[in-house]
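The values are calculated or read from the model by the stated rules, or taken from the named source; none is laboratory data. Computed from a prediction, not measured in an experiment: that's the story for all the values here. Using ideal geometry, Cβ is built from the backbone for each residue, glycine included, and neighbour counts are taken over all protein chains shown. These accessible areas exclude ligands, DNA and RNA; they are computed on the full protein's heavy atoms, side chains included. Shrake-Rupley method; radii C 1.70, N 1.55, O 1.52, S 1.80 Å.
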Amino acid sequence: MISVKHLKKSFGDNEVLKDISLDVKPQEVVVVIGPSGSGKSTFIRCLNLLESVTGGHVYVTGKDLTDKKTNINEIRKNVGMVFQHFNLFPHKTILENVTLAPINVKGVKKQEAEQKALALLKKVGLAEKASAYPDSLSGGQKQRVAIARALAMEPKIMLFDEPTSALDPEMVGEVLEVMKQLAKDGMTMIVVTHEMGFAREVGDRVIFMDNGYIMEENEPAALFSNPQHERTKAFLSKVL
Amino acid sequence: MDFRTDIIVDYMPFFIKGTLLTLGLSLAGIFIGLILGLIIGLGKMSTNAWIRFPFVWYVNIFRGTPLLVQILLIHFGVVPLFMSPSNPIVSAIIALSLNAAAYIAEIFRAGIQSIDKGQMEAARSLGMSHIQAMKLVILPQAVKRMIPPLGNEFIVLLKDSSLAAIIAAPELMYWGRAAQGQYIRVWEPYITVAVIYLMLTLSLTYLMNYIERRMKTE
Ligand SMILES: Nc1ncnc2c1ncn2[C@@H]1O[C@H](COP(=O)(O)OP(=O)(O)O)[C@@H](O)[C@H]1O
Ligand SMILES: [Mg+2]
């Protein structure tokens with residue numbers, strides 16, 4: 001589904017990703033953890049080319065993103081992304097937020113797109129907010145809309161970059177619940193998060209990133225109970 | 001001090017004609033300025049330094065030199081190259097448009113860049129092209145923020161169009177000066193002209209406030 005080979009990424013002189021290789025199978029849920037500044041966001045943003053890649057290769061659904069001939073807009077239709085700060089479109093209603101891309105990118109008919117959007121909003125528990133504007137929603141509600149918006153494109157892969165980090169604690173649960181359901185439905189997911197409970201419960205694999213490298217990866221239970229590297233131990237002792 | 005209202009009455013037809021031309025110059029200036037300003041603003045935001053360069057200097061030059069100098073250069077230097085004798089109304093429209101375009105370009109750029117980067121990223125991550133994201137997500141939000149400074153620019157342009165009197169474009173200020181010359185009176189013509197400008201700019205201010213209120217409640 002996703003295959004990353006010796007990925008490198010620099011911002012000017014600052015090499016943020018040094019040599020990352022990773023394969024993600026269909027329906028797998030990979031959780032990425034690591035200290036702030038270790039390159040987690042940069043890594044996940046390279047997977048849909050929100051960041052340009054400096055070296056190595058990234059294959060998504062078999063296509064090499066680093067190949068100039070690859071149409072990135074086509075790839076992005078298959079890769080949904082959820083951001084820490086939601087990034088809902090404030091000038092559009094909730095329903096329009098969800099239908100905007102299907103109508104304009106995929107050419108889905110308005111009525112059909114709206115029906116589907118309502119079904120998705122229902123799934124994330126927000127059907128009654130369809131005609132509201134993002135400003136009137138709580139953080140947790142906004143993030144659930146953002147998930148529905150991404151799902152409306154029927155992606156094969158979903159990327160989450162700290163989806164609950166900007167939320168008040170009492171709203172974290174409702175968003176994680178939606179993500180768990182998504183995992184159960186068989187979505188391929190890469191999730192950057194500090195929610196170790198989620199990693200343990202839903203993750204098939206946990207990746208510990210530090211200083212631009214994948215330091216360690218393992219099944220959640222094994223990684224949490226028996227970390228191999230000093231850096232992993234130090235990090236886990238702070239967050240667990 | 002005696003105030004001769006008969007002068008004002010006598011000259012009223014000319015003041016009205018002048019007012020119409022003042023409005024015409026301003027509208028033409030803002031309209032052409034909007035189109036040029038959009039192009040220049042987009043050019044200034046190019047990631048390519050070579051493309052950016054001419055647009056950056058266009059703005060630097062037109063904002064950094066007096067409009068009066070621009071009007072004189074355009075009327076006596078540039079327009080005669082393709083029109084003789086050069087028409088002062090044409091020269092005034094060209095000078096006002098080019099000058100307004102520089103300010104409007106900055107308004108566009110600031111408006112677009114004031115939109116959070118996450119908006120473009122979210123749109124692109126959904127598969128939209130850069131142009132689609134601009135059209136559907138960025139510009140609708142940016143335009144709202146551009147309305148107040150654009151209204152301001154229109155008011156400035158309307159007042160600055162009075163500089164066209166210097167090249168004898170028969171707008172409002174031109175007739176003010178003509179009346180002063182004919183009657184050798186200062187107060188009557190210039191107060192009248194000032195009051196008309198004030199009425200125009202105040203109407204515009206109220207119109208802008210109304211539009212802003214409408215957009216807020218939307
Ligand atoms: N657009 C950018 N320009 C320059 N440096 C950046 C940019 N984005 C991230 N970085 C740098 O890359 C490093 C890793 O950042 P990031 O991927 O956001 O880490 P994390 O998500 O793990 O906290 C940081 O040192 C950060 O300053
Ligand atoms: Mg991050």
Distance in nm between label sites at B:L23 and B:L207, each 7 Å beyond Cα in the beta-carbon direction? 0.8 nm
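Under a 1.4 angstrom probe, counting protein chains only, how are A:Y213, B:Y58, B:Y197 ranked by accessible area, largest first? Walk me through the intermediate numbers first.
Values: A:Y213 100, B:Y58 50, B:Y197 25 Å².
Largest accessible area first, the residues go A:Y213, B:Y58, B:Y197.
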Just want the answer: with Cβ charges of +1 for Lys and Arg and -1 for Asp and Glu, which residue in B:I167, B:S114, B:V56 is farthest toward the dipole's positive end in chain B? B:S114
One finds the C-alpha centres of segment B:32-96 and segment A:158-229 to be spaced, in Å, by 56 Å
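Rounded to the nearest 20 Debye, what is the dipole magnitude of segment B:54-135 about its Cα centre when Lys and Arg each give +1 and Asp and Glu each give -1 at the C-beta? Spell out each step's value before the answer.
On the way: 5 positive and 3 negative charges, 20 e Å.
In debye, rounded to 20, segment B:54-135 gives about 100.
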What is the average number of partner chain Cβ atoms found within 10 Å of a Cβ in A:81-91? 5
Stokes-Einstein, Kirkwood over Cα pairs, chain A, 10 °C, 1.306 mPa s; D in µm²/s equals 86 µm²/s
Fraction of beta bridges assigned by DSSP in the protein assembly as shown that are antiparallel (%, nearest 5): 55 percent
Select from B:I196, B:A142, B:I211 the residue farthest towards the positive end of the dipole of segment B:5-217; place +1 on Cβ of Lys and Arg, -1 on Cβ of Asp and Glu, and compute about the Cα centre. B:A142
Please give every one of the aspartates and glutamates within straight-line cross-link reach of A:K184, meaning a C-alpha to C-alpha distance under 12 Å, and leave out same-chain neighbours fewer than 8 residues apart. A:E28, A:E201, A:D204
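Per the helix-only calculation at 222 nm, which mean residue ellipticity applies to chain B, given -39500 (n - 2.57) for every DSSP H run of n ≥ 4 and division by its residues, nearest 500 deg cm²/dmol?
Values: 9 runs with 167 residues, N = 218.
That comes out to -26000 deg cm²/dmol.
Mind putting a number on the dipole of the protein assembly as shown about its Cα centre? Charges go on the C-beta only, +1 for Lys and Arg and -1 for Asp and Glu, and I need it in Debye to the nearest 20.
Numbers: 48 positive and 42 negative charges, 147 e Å.
Using Cβ point charges on Lys, Arg, Asp and Glu, the protein assembly as shown gives about 700 debye.
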Ranked by GNM mean-square fluctuation in chain B (Cα springs under 10 Å), the top entry among B:F62, B:F154, B:F76 is B:F76
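At a temperature of 4 °C and a viscosity of 1.567 mPa s, determine how fast segment A:1-144 diffuses translationally according to Stokes-Einstein, using the Kirkwood radius over alpha-carbon pairs as Rh; express D in µm²/s, rounded to the nearest whole number. Don't skip to the end; give the middle numbers.
Working: Rh = 17.3 Å.
The estimated diffusion coefficient comes to 75 µm²/s.
Can you tell me what share of the DSSP beta bridges in chain A is antiparallel? A percent to the nearest 5 is fine.
Working: 19 of 36 bridges.
For chain A, the DSSP antiparallel bridge percentage is about 55.
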Roughly what angle does helix B:88-113 make with the longest principal axis of chain B, taking Cα atoms, 0 to 90 degrees, to the nearest 10? 30 degrees
Note the direction-averaged projected area, equal to a quarter of the hull surface, for the Cα convex hull of the protein assembly as shown, in nm². 29.6 nm²
Taking the Cα centre of segment A:60-205 as the origin, how large is its charge dipole in debye, to the nearest 20, when only Lys and Arg (+1) and Asp and Glu (-1) carry charge on their Cβ atoms? 620 debye
Tell me the relative contact order for chain B as a rounded percent, counting alpha carbon contacts under 8 Å between residues six or more apart. 30 percent
When we measure straight from the Cα of A:K8, which lysines land under 16 angstrom away, once same-chain ones fewer than 8 places off are left out? A:K18, A:K40
Candidate lysines - alpha carbon under 18 Å from A:K106, same-chain residues fewer than 8 apart omitted: A:K77, A:K116, A:K156, B:K135
For segment B:69-84, Karplus-derived ³J(HN,Hα) couplings (6.51, -1.76, 1.60; θ = phi - 60°; whole Hz; x for glycine and proline) come out as 5, 4, 4, 5, 4, 5, 6, 9, x, 8, 4, x, 5, 10, 7, 9
Quick check: with the 1.4 Å probe, what order do A:F43, B:F82, A:F11 take by accessible area, largest first? B:F82, A:F11, A:F43
Using the heavy atoms of the protein chains and a 1.4 angstrom probe, tell me the accessible area per residue for chain A in square angstrom. 44 Å²
On the first, second and third principal axes, largest extent first, how far apart are the outermost C-alpha atoms of segment B:5-217 in Å? 70, 46, 23
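Taking each residue in B:127-137, count the Cβ atoms of any other chain within 10 Å of its Cβ, then average. What number comes out? Walk me through the numbers before you get to the answer.
On the way: counts 17, 7, 4, 1, 0, 5, 1, 0, 1, 9, 7.
Across B:127-137, the average partner-chain Cβ count within 10 Å equals 5.
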Over all Cα pairs of segment A:90-154, how is the pair count split among 5 Å bins, expressed in % and running from 0 up to the last occupied bin? 4, 22, 35, 25, 12, 3, 0
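For the pairs A:K180/B:K144; A:K92/A:K238; B:K44/B:K144, note any where the Cα-Cα span goes beyond 32 Å. Before the final figure, lay out each step's value.
Working: A:K180/B:K144 39 Å; A:K92/A:K238 41 Å; B:K44/B:K144 21 Å.
The pairs that break the limit, which is 32 Å between Cα atoms, are A:K180/B:K144; A:K92/A:K238.
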Helix B:5-44 versus the longest principal axis of chain B: what angle, 0 to 90°, nearest 10, using Cα atoms? 20 degrees
Which of B:L81, B:L172, B:L157 fluctuates most in a GNM of chain B (C-alpha springs under 10 Å)? That residue is B:L81
